[in-house]
1. With the structure loaded, tell me whether residue 287 is farther than 27 Å from residue 203 by Cβ, surrounded by fewer than 23 Cβ atoms within 10 Å (Cβ to Cβ) and out of contact with any Gly (no Cβ under 6 Å at 6 or more places or on another chain) or whether it fails that test.
2. Could you look through the range 265-296, keep only residues that are of a type in the set (A, V, I, L, M) and assigned to a strand (DSSP E or B), and pick out the one that is nearest to the ligand (Cβ to nearest atom)?
3. Can you pull out every residue in the range 215-263 that is surrounded by fewer than 21 Cβ atoms within 10 Å (Cβ to Cβ) and among the polar types (S, T, N, Q)?
4. Give the residues of the range 297-317 that are in a helix (DSSP H, G or I) and either in contact with a strand residue (DSSP E or B) (Cβ under 6 Å, 6 or more places away or on another chain) or polar (S, T, N, Q) (or both), sorted by residue number.
5. What are the residues in the range 40-69 that are surrounded by 17 or more Cβ atoms within 10 Å (Cβ to Cβ), in a helix (DSSP H, G or I) and either among the polar types (S, T, N, Q) or modelled with pLDDT under 95 (or both), if any?
6. Looking at the structure I just gave you, is residue 212 farther than 18 Å from residue 311 by Cα, of a type outside the set (Ser, Thr, Tyr) and surrounded by fewer than 22 Cβ atoms within 10 Å (Cβ to Cβ)?
7. For the range 25-39, what are the residues that are closer than 21 Å to residue 324 by Cβ and assigned to a loop (DSSP other than H, G, I, E, B)?
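The values are calculated or read from the model by the stated rules, or taken from the named source; none is laboratory data. Keep in mind the model is a prediction, meaning the values are calculated, not measured. Because the Cβ atoms are built from the backbone with ideal geometry, glycine has one as well, and the counts that use them run over all protein chains shown.
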Amino acid sequence: PAPSPASPAPHADLAAQLPALREQYAALQARGLALDLTRGKPSAQQLDLAEPMLALPGEGVHTDATGVDVRNYGGLDGLPQLRQIFAELLDVPVAQLLALGNASLTLMHDAMAYAHLWGVPGSPLPWGREEKVRFICPVPGYDRHFSVCEAFGVEMVTVPMTADGPDAEAVAALVADDPTIKGLWVVPTYANPDGAVVSEAVARRLVSMPTAAPDFRIFWDNAYALHHLTANETKTANVLDLAAEAGNPDRPIMFASTSKISFAGAGVAFLAASPANVGWYKKHLAVQSIGPDKVNQLRHALFFGSAEGVREHMRKHREILAPKFAAVSRVLTERLGDLGIATWTEPQGGYFVSLDVVPGTASRVVELAASAGIALTPAGATFPYGRDPRDANIRLAPSMPPLAEVEEAMQAVATCVLLAAAER
Ligand code: PMP
């Protein structure tokens, strides 16, 4: 075969610009900026959208729609009124949806803990008594999923993300004959960090593929189910129905929360799964709690009123967030667009932009940014054990700073990406 033409050296021109870029960077440093694009937190302006909730339920209002006194013990499943609203939004039966504490991360951690201590329905052994337990982590992914695995000594195996979610064929090949692989993390809607949405075909493949482990679970973390950045309000594949149709009803466990709907620190988290999984989770939960914070759940139910109330509320978040994401895209396109040294996602929802820079320079970019007063998520954070084998991926989180600061921070990031590429 004819030798393929040498690929153009994308940063040959950049090397010539090194002195100019160094000057640009020095000027940037001299500005003494202090900007932060590290974590996907809602801004104060977004939190203010739910401010009236702080006056709810209000003195004298302490019964739910069925007359239950929310101040007292009980109601392990969560407030029926609120479960009704979120069952519609998450497209699951109310009876299979629990409304619990303030963080879905707790529920994921506890599901992993219960599985280790007692096994899940269908487990030959508690996972903690198995010689080795492994989980598949699509990369780039969410660092706290990796932390949960690390805490339990669960080995992480990576597969690439695609525009339609995890590479389903790679997942299917891994699980087919390796019984140590007990699970898979999936962020089905507007994934952290690359914004991918799992297609119906990928969802179907993941719930129907044969697995060597009889107790294989998909931790379906639907953290951004309702967090659209455009008028196209994508509907997530109905994983519980698809799994039941495929004869694997117990495979997925869905998690979600209102952390980025109401208050990040004082929202409500949800778990949805098959009747067997929900029964399993509740059995163990009942030992640690007599019931969740129903006062907070009532406050949420009264504030939103209905599923449409939540959708309306999310449109207000979108008005605040969409311009920030547009700014990220515009600056990256203007500064790096034609150079062939970086690619980035244009998410249609969620909280992140995934930026890939010249391999081998991501940590240098983050370091340069830090020295210029711009805090970025550490390079490698989107990979298990903090190790990005290509040192190329950087997660950008533009939600928190005001719009003008997002622009300023992104101009700085672009300068750092250019300088790091030119230095090579
Ligand atoms: N899952 C994903 C994918 C997330 O990005 C986040 C927040 N950064 C969470 C879960 C955390 O959710 P919660 O606040 O409900 O614990």
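1. Against the criterion (farther than 27 Å from residue 203 by Cβ, surrounded by fewer than 23 Cβ atoms within 10 Å (Cβ to Cβ) and out of contact with any Gly (no Cβ under 6 Å at 6 or more places or on another chain)), residue 287 qualifies.
2. Taking the range 265-296 as the starting set, the residues that turn out to be of a type in the set (A, V, I, L, M) are 266, 268-269, 271-273, 276, 278, 285-287, 290, 295.
Applying the additional criterion that residues be assigned to a strand (DSSP E or B) yields 269, 271-273.
Values: 269: 5, 271: 11, 272: 14, 273: 16 Å.
Among those residues, the one meeting the criterion is 269.
3. 230, 232, 234, 238, 248
4. Across the range 297-317, the qualifying residue is only 297.
5. Residue satisfying the conditions is 46 alone.
6. On the way: farther than 18 Å from residue 311 by Cα: yes; of a type outside the set (Ser, Thr, Tyr): yes; surrounded by fewer than 22 Cβ atoms within 10 Å (Cβ to Cβ): yes.
It is true that residue 212 is farther than 18 Å from residue 311 by Cα, of a type outside the set (Ser, Thr, Tyr) and surrounded by fewer than 22 Cβ atoms within 10 Å (Cβ to Cβ).
7. Taking the range 25-39 first, the residues closer than 21 Å to residue 324 by Cβ are 28, 31, 33-39.
Answer for the range 25-39, where residues must be closer than 21 Å to residue 324 by Cβ and assigned to a loop (DSSP other than H, G, I, E, B): 31, 33, 34, 38, 39.
Here's the yes/no breakdown for (1) within 27 Å of residue 156 (Cβ to Cβ); (2) among the aliphatic types (A, V, I, L, M):
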| residue | (1), (2) |
| --- | --- |
| 366 | yes, yes |
| 371 | no, no |
| 377 | yes, no |
| 381 | yes, yes |
| 389 | yes, no |
| 393 | yes, no |
| 398 | no, no |
| 407 | no, no |
| 412 | no, yes |
